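Below is one structure; the comments refer to it alone.
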There are 2 protein chains.
Amino acid sequence: MKPRKPNSRDKILAAAADVAREAGPGNLSLDAVANRAGISKGGLLYNFPSKARLMQALVEQYLRDFDKALEEVHSADGRKNLLSAYIRLSVEECQETEASASWIFSAIAEDPEFLTPLKTFKRQLFERLKAKTPDLKALLVTYLAIEGLRSMTLFEFHTLEDEERQLLIDSLLSLAGADSNIAG
Amino acid sequence: MKPRKPNSRDKILAAAADVAREAGPGNLSLDAVANRAGISKGGLLYNFPSKARLMQALVEQYLRDFDKALEEVHSADGRKNLLSAYIRLSVEECQETEASASWIFSAIAEDPEFLTPLKTFKRQLFERLKAKTPDLKALLVTYLAIEGLRSMTLFEFHTLEDEERQLLIDSLLSLAGADSNIAG
DNA sequence: TTGACAATACCGTCCAGACGGTACAGTAGA
DNA sequence: TCTACTGTACCGTCTGGACGGTATTGTCAA
C-alpha cells in the first residue's frame, strides 16, 4: 500500500519517546524532538504537520505494536490461553526499562482526547478476554493487577521488591492458567 | 501548631484541582488557578511563591487526607484488617467523580520529582500492609488490583461495567478477608 | 538524450502568544 | 501598624507553527 516510506517517521517517533523519557513528559517540544531525531524542525513538521498529529501517531504506533506482539505471543503457544499470553506480554513490556511510555503523560497534558484510541483498544481487548476466560472473577482480578503493574511501571513507583514481583507474576499466571483446572 | 490559616490556601488548592480536571492537566496555569479561586495572581503568589510550591502542596495535601481517611476507616472497624480498610477506602475514592486527581498529570508534566513523597508514602504503606497481612500472595494480588483500579479511574478508562466492577471488589475483599480464614 | 517541470523531503528563520514570575503601589480589616 | 491581600504593568523565555527557500529524484514529452 504505502510506497516504502523512508524511516524518518519512525526515527521521529522513537526520538519523541526518548525525549519524553529523558527530559520529562512536560518537555516534549518539537525542537527537542527534531534535535534528538537529527532533523530540522521544518523537516519534523513536514512529516507530522502538527504536534497533535505526532501525538496521535505515537498512540497509534504503540497500539499497533502491542497488538502485533500479543498476536505473536498468543500464537506461539498454540492460541490456548489468551489471558496468560496477555499477562506474559504485559510483564515483559513492564520490564523493558527502555519502554517506559512516559510519552503518554505528554499526550494527556496536550489533550486527554489523544487516549481515546487507547480506551477503545483496552475495552475491546477486555471483551476478547472475557469471551475466552471461563472464570470471570479470576479474569477481573488478574486483569486489574496487570493494569496496576503497568501503572506502577509508568509512574516509576518502585514499591515491589524483585521477589515480591516474581511471586505476584506467578500468582497471576496460576490464576490465569486456572481455566483448565477450575473451569466451572 | 499553625495559627489557624484562613482558607485561602485551601481555596487555591481546590481551585487548582478543579482547573486540572476541567481544563485538562496541561492547562493548569497560575492565571487560571487564580481566576478559579476568585483571587488575584498576586494573591496566589503571595500564598504559594512559585508554581512548584503549589504542586508540592497539592501532593502533600492529598497524602495527608488519604492517611487521615485510612486511619478513620481502619479505626472504625476495630483496627482488625488494614488491607480490607485500604481496599474499601481506595474503592470509595475511585467512585467520587469529583476526585479524579488529574492534577497528578500536571505535576508529572511539571517535574516528575513532585511524586517522590507519593512514592515513599506508597512504599511505607505497603510495608505496613505486608507486616499485617499473613497471606503475601493475596496481598500482592489485591494491592496491585487496587492500584490498577486507581489507574483506570485516573486515566478514565471505562473498561469495566458496574457489575464487573462490583464482582471485582467483592473478590478483592474476600481475598483480603482471608487472613482470618486461610491464615497460614 | 535532453530539457522542463514537478513532487518529495527536508532546512532555517521568524513570529505571535502563553506562561511563570517580579515589582510595586494601593487598601481594607484586625 | 501589620497582615493579607488586589490590581496592573511588565519582562524574559519558551513553543507551536507558518513560511520561504533548496537539494534530490522522478516523470515525460519533444
Tell me yes or no: at least one residue of region B:106-120 is more than 16 Å from DNA strand C (Cβ to nearest atom), farther than 23 Å from A:W103 by Cα and outside any loop (DSSP other than H, G, I, E, B). yes
Could you pull out the residue among B:P117, B:P112, B:P134 that is at the interface with another protein chain (Cβ under 10 Å from one of its Cβ atoms), surrounded by fewer than 19 Cβ atoms within 10 Å (Cβ to Cβ) and over 26 Å from A:F121 (Cα atoms)? B:P112
Of the conditions (1) within 14 Å of chain B (Cβ to nearest Cβ); (2) more than 16 Å from DNA strand C (Cβ to nearest atom), A:R64 fails just one. Which one is it? (1)
What single numbered condition from (1) among the small types (G, A, S); (2) modelled with pLDDT of 95 or more; (3) surrounded by fewer than 14 Cβ atoms within 10 Å (Cβ to Cβ) fails to hold for A:S106? (3)
What pairs come up if the first residue lies in region A:34-53 and is within 14 Å of chain B (Cβ to nearest Cβ) and closer than 17 Å to A:A107 by Cα, the second is more than 7 Å from DNA strand C (Cβ to nearest atom) and among the charged types (D, E, K, R), and their beta carbons are under 8 Å apart, counting only those six or more places apart or on different chains? A:K51/A:E110; A:A52/A:E110; A:A52/A:D111
Has region B:16-29 got at least one residue that is touching a residue at least 12 places away in the same chain (Cβ under 8 Å) and within 12 Å of DNA strand D (Cβ to nearest atom)? yes
Quickly run through region B:65-92 and pick out the residues that are surrounded by fewer than 19 Cβ atoms within 10 Å (Cβ to Cβ) and closer than 30 Å to A:R21 by Cα. B:F66
Among residues belonging to region B:147-168 that are more than 19 Å from B:A99 (Cα to Cα) and not in a loop (DSSP other than H, G, I, E, B), point out the one that is nearest to the other protein chains (Cβ to nearest Cβ). B:L168
Return the total of residues in region B:145-174 being within 18 Å of A:Q124 (Cα to Cα) and either out of contact with any Gly (no Cβ under 8 Å at 6 or more places or on another chain) or of a type in the set (A, V, I, L, M, F, W, C) (or both). 14
Across region A:46-105, what is the number of residues that are closer than 18 Å to A:G148 by Cβ and part of a helix (DSSP H, G or I)? 15
Since B:G42 meets every condition but one in (1) within 10 Å of DNA strand C (Cβ to nearest atom); (2) over 21 Å from the mean Cα position of the chain (by Cα); (3) buried (at least 17 other Cβ atoms within 10 Å of the Cβ), which condition does it not meet? (3)
Which of the residues belonging to region A:17-44 are under 16 Å from B:G26 (Cβ atoms) and outside any helix (DSSP H, G or I)? A:G24, A:L28, A:S29
Just the residues that are of a type outside the set (G, A, S) and away from DNA strand D (no atom under 11 Å from the Cβ), please, taken from region A:33-48. A:R36, A:I39, A:N47
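The values are calculated or read from the model by the stated rules, or taken from the named source; none is laboratory data. Just so it is clear, the model here is predicted, and its values are computed rather than measured. Counting neighbours? That spans all protein chains shown, and the Cβs are built from the backbone with ideal geometry, glycine included.
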